[in-house]
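> Okay, handing you the structure first.
The values are calculated or read from the model by the stated rules, or taken from the named source; none is laboratory data. This is a predicted model, so every value here is computed, not measured. Every residue, glycine among them, receives a Cβ derived from its backbone with ideal geometry; neighbour counts consider all protein chains shown.
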């Protein structure tokens, strides 16, 4: 991705403010034509960025625009974006947007949330990093929210695979440690038995030597 997100946000905010200002200042144009120019500007910006992007209204989170990459998130089973709100399209993200709206309202700055799962029927769960940026009108008040979705599935799967591999290595290591301990205990038992056998042999030889001495000292007939 050649364009940094910070630059993208700045460009988008600038385009949004320009469109809002143009809407307010263009008093001689027909309302329909002005609205069409405003829509065309957003469609152009959204369609050309290399990541999934959408814009929703600040008041009710209803979609204003979205590019094709965003519409593809979660699969086709979620229906059309037309007349939908974000929480209607992604009901599993209701909790996220409660927090996002609260934080956006308090700080007025971008809110980043990482690696949230999205389930799709018949397919593996995907994971997404979300960035929400407040878009202000010419009056300085928030009027919309720019949503950027970055597919983090490969990153999460790689990390999960590494964690599973580490866990398997830990299990193998624990098993090896147990086997080594058992082998050492068996070797110690074997050495102990060998020592006992050696000591018994020494005692037997000592007794046998004494018996020979006694026999040798017996009177001869």
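> Hey, any hits in segment 71-87 for a residue that's out of contact with any helix residue (DSSP H, G or I) (no Cβ under 8 Å at 6 or more places or on another chain), within 18 Å of residue 131 (Cβ to Cβ), modelled with pLDDT of 85 or more and not in a loop (DSSP other than H, G, I, E, B)?
yes
> Just need a number here: residues in segment 61-100 that are out of contact with any strand residue (DSSP E or B) (no Cβ under 8 Å at 6 or more places or on another chain) and in contact (Cβ under 8 Å) with a residue 40 or more places away in the chain.
The qualifying residues number 2.
> Now for a different question. Sort out which residues of segment 97-110 are part of a helix (DSSP H, G or I) and under 15 Å from residue 146 (Cα atoms), and write them in order of number.
97, 100, 101, 103, 104, 105
> Return yes or no: is residue 175 modelled with pLDDT of 90 or more and surrounded by 10 or more Cβ atoms within 10 Å (Cβ to Cβ)?
Against the criterion (modelled with pLDDT of 90 or more and surrounded by 10 or more Cβ atoms within 10 Å (Cβ to Cβ)), residue 175 does not qualify.
> Give 160, 141, 146 a once-over and let me know the one that is loosely packed, with under 10 Cβ neighbours inside 10 Å and under 30 Å from residue 97 (Cβ atoms).
141 is the lone residue from the list that is loosely packed, with under 10 Cβ neighbours inside 10 Å and under 30 Å from residue 97 (Cβ atoms).
> Which ones in segment 111-130 are farther than 18 Å from residue 57 by Cβ and either in contact (Cβ under 8 Å) with a residue 60 or more places away in the chain or part of a strand (DSSP E or B) (or both)?
112, 113, 114, 115, 116, 117, 118, 126, 127, 128, 129
> Do we find a residue being within 38 Å of the chain's Cα centre (by Cα), closer than 30 Å to residue 67 by Cα and not in a helix (DSSP H, G or I) anywhere in segment 151-164?
Checking segment 151-164: at least one residue is within 38 Å of the chain's Cα centre (by Cα), closer than 30 Å to residue 67 by Cα and not in a helix (DSSP H, G or I).
> If you don't mind, another one. Might you check whether a residue that is part of a helix (DSSP H, G or I), over 21 Å from the mean Cα position of the chain (by Cα), within 28 Å of residue 72 (Cβ to Cβ) and assigned by TED's automatic domain parsing to the domain that holds residue 67 occurs anywhere in segment 134-150?
no
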